[in-house]
Amino acid sequence: SQYTTARIRSEFLEFFRGKGHEIVPSAPLVPANDPTLLFTNSGMVQFKDVFLGAEKRANPRAADVQRCLRAGGKHNDLDSVGYTARHHTFFEMLGNWSFGDYFKKEAIAWAWELLTGVWKLPPERLLATVYHTDDEAYAIWRDQVGLPGDRIIRIGDNKGAPFASDNFWQMADTGPCGPCTEIFYDHGPGYAGGPPGSPDEDGDRFIEIWNLVFMQFDRQPDGTLVPLPAPCVDTGMGLERLAAVLQGVHSNYEIDLFQALIGEAAALTGTRDLQNKSLRVIADHIRACSFLVVDGVLPSNEGRGYVLRRIIRRALRHGWMLGTREPFFHRLVATLSALMGEAYPELPAKQELVEKALLAEEERFAETLDAGMRIFDDIVERSGGKVIPGADAFRLYDTYGFPLDLTQDIARERGMEVDTAGFDAAMEKQRETARAAGKFGGGVQLPADLVAQLQPTAFLGYDRLQAEGLSVLA
Ligand code: ATP
Ligand code: MG
Ligand code: MG
Ligand code: MG
């Protein structure tokens, strides 16, 4: 299609440059100075201090394309990958910001202008949600934009309902936050699901494409909301979801970039059915894993490194399901680099490092994956097909290198659950024994020259690398 992801990125930035915004590069997936956050999960992360008033920018307007990861912490979409048309672990967020400059009126007007004026989306396909008490945003949509009242939906907090839409945005349990208005695209009655706020809103018919957050508060550890020095605007639009809309397809996995990755994954695994869910998961995970390594994370047994290890192993298990018994995952890096290298030059620059890190993990897991999968079948048979006992899940973890979430993922496919309390108990017992014996978990062994490539990046302190368990590499 003519609306390639490359074109969308540049048209988005051009539009906001034309509105006086400074174009800012994407920050890494590992937040620079924020120990409260595992990964950059939205565009606002690199501007947190600006919102809080601790940092000033020369231009109060900015726009960027931010790489994001939602695979841990408050925002975790790992378990949605392969199940919905719209969720990835790694994705790109198009964003525009006002740091105490413009507010609701301009933010909404420009979003509408870009979607319906520049990109010519049919207005009748678009809906907006507003925070239930935000009469100001409601009035802007109705009176200024002219959206009919039945397509402006008031939404509350929905605390405790993880999949329910929520029009109060926060990056984490503390920090900048505020009410938001979100723009949804209706893919049409051919798809299942209801509009936002309805009981079946989690379907994939009405897809949320753009969130405009009116950043007004700094949430304190005790939950109170302290007003920010100046109200700000923080918007985020998923590039892949928008690309699906502009390319006239429904699922993110049908867009140009994913089709190329899926095609290559199919070739490498000898899979004929391009609709196979495992291909989608692999295509998603290669992006997350490659960019994590680019941003200084290596597979390890704790912290960010363990999230990476978990994502890699989930991908490898899907390769195994497709019948692949040779290392294949690292071979997708070249394709990814060709697809995304222009937008993210750090990827081709570190391609060799990424390939080696992934290959090392593939070789490591290959030693136990096959046996682990056979053990899994035995467990299913013994357990009667309902619950995987905690002790068995722990054996898969401890002896076969199956992270708990991998075992849960396999169990879910078979309509089973894992006794996680039993797993935790077995883990705790093991920890005590290990503590007594002074054992350590190992990281991936990589040649020193490759490891050295990780060190000089400005955003990573050596201390943090050590904290990630990378000291074992020395
Ligand atoms: P959803 O309700 O669909 O899970 P969200 O409300 O969690 O999305 P936001 O936190 O508001 O998403 O993020 C802003 C935008 O980023 C979304 O409107 C969407 O376009 C995009 N986005 C969010 N999560 C993902 C994801 N996991 N994969 C791809 N795009 C995403
Ligand atoms: Mg979400
Ligand atoms: Mg949402
Ligand atoms: Mg949202």
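Per-residue answers, yes or no, for (1) part of a helix (DSSP H, G or I); (2) touching a Ser or Thr at 6+ places or on another chain (Cβ under 6 Å):
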position	(1), (2)
ALA243	yes, yes
VAL249	no, no
ALA267	yes, no
ARG272	no, no
ARG287	yes, no
PHE291	yes, no
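Among the numbered conditions (1) over 28 Å from ASP49 (Cβ atoms); (2) of a type in the set (A, V, I, L, M, F, W, C); (3) buried (at least 23 other Cβ atoms within 10 Å of the Cβ), the only one that VAL233 does not meet is (1). Residue pairs, Cβ under 8 Å, 6 or more apart or interchain, first in segment 112-141 and within 15 Å of GLY156 (Cβ to Cβ), second part of a helix (DSSP H, G or I). List them. Filtered contacts from segment 112-141: VAL130/ALA137; VAL130/TYR138; VAL130/TRP141; TYR131/ALA137; ALA137/LYS104; ALA137/ILE108.
Take the conditions within 16 Å of ligand 2 (Cβ to nearest atom), surrounded by fewer than 18 Cβ atoms within 10 Å (Cβ to Cβ) and not in a strand (DSSP E or B) and apply them to ASP222. Does it pass? No, not satisfied. Residues of segment 57-80 that are part of a loop (DSSP other than H, G, I, E, B), modelled with pLDDT of 95 or more and within 16 Å of ligand 4 (Cβ to nearest atom): ARG70, ASP77.
In segment 270-280, is there at least one residue being at pLDDT 95 or above and crowded, with 24+ Cβ neighbours inside 10 Å? Checking segment 270-280: at least one residue is at pLDDT 95 or above and crowded, with 24+ Cβ neighbours inside 10 Å. The residues of segment 66-110 that are away from ligand 3 (no atom under 16 Å from the Cβ) and small (Gly, Ala, Ser), listed by number, are ALA71, GLY72, GLY73, GLY82, SER98, GLY100, ALA107, ALA109. Of the residues in segment 65-87, at least one is among the aromatic types (Phe, Trp, Tyr), within 16 Å of ligand 2 (Cβ to nearest atom) and either more than 28 Å from ALA230 (Cα to Cα) or touching a residue at least 24 places away in the same chain (Cβ under 8 Å) (or both). Residues in segment 386-404 that are surrounded by 12 or more Cβ atoms within 10 Å (Cβ to Cβ) and not in a helix (DSSP H, G or I): VAL387, ILE388, PRO389, GLY401, PHE402, PRO403. Among residues of segment 152-193 being charged (D, E, K, R) and within 30 Å of ASP222 (Cα to Cα), the one that is modelled with the lowest pLDDT is LYS159. Listed by first and then second residue, the pairs with beta-carbon distance under 9 Å, at least 6 apart or on different chains, first residue in segment 364-393 and modelled with pLDDT under 95, second loosely packed, with under 11 Cβ neighbours inside 10 Å and not basic (Lys, Arg), are GLY385/GLY415; LYS386/GLY415.
Name the single residue, out of those in segment 312-347 being assigned to a helix (DSSP H, G or I) and charged (D, E, K, R), that is nearest to the chain's Cα centre (by Cα). Across segment 312-347, the extreme among qualifying residues is ARG314.
The values are calculated or read from the model by the stated rules, or taken from the named source; none is laboratory data. Please read all numbers here as calculations on a predicted model, not as lab measurements. Every residue, glycine among them, receives a Cβ derived from its backbone with ideal geometry; neighbour counts consider all protein chains shown.
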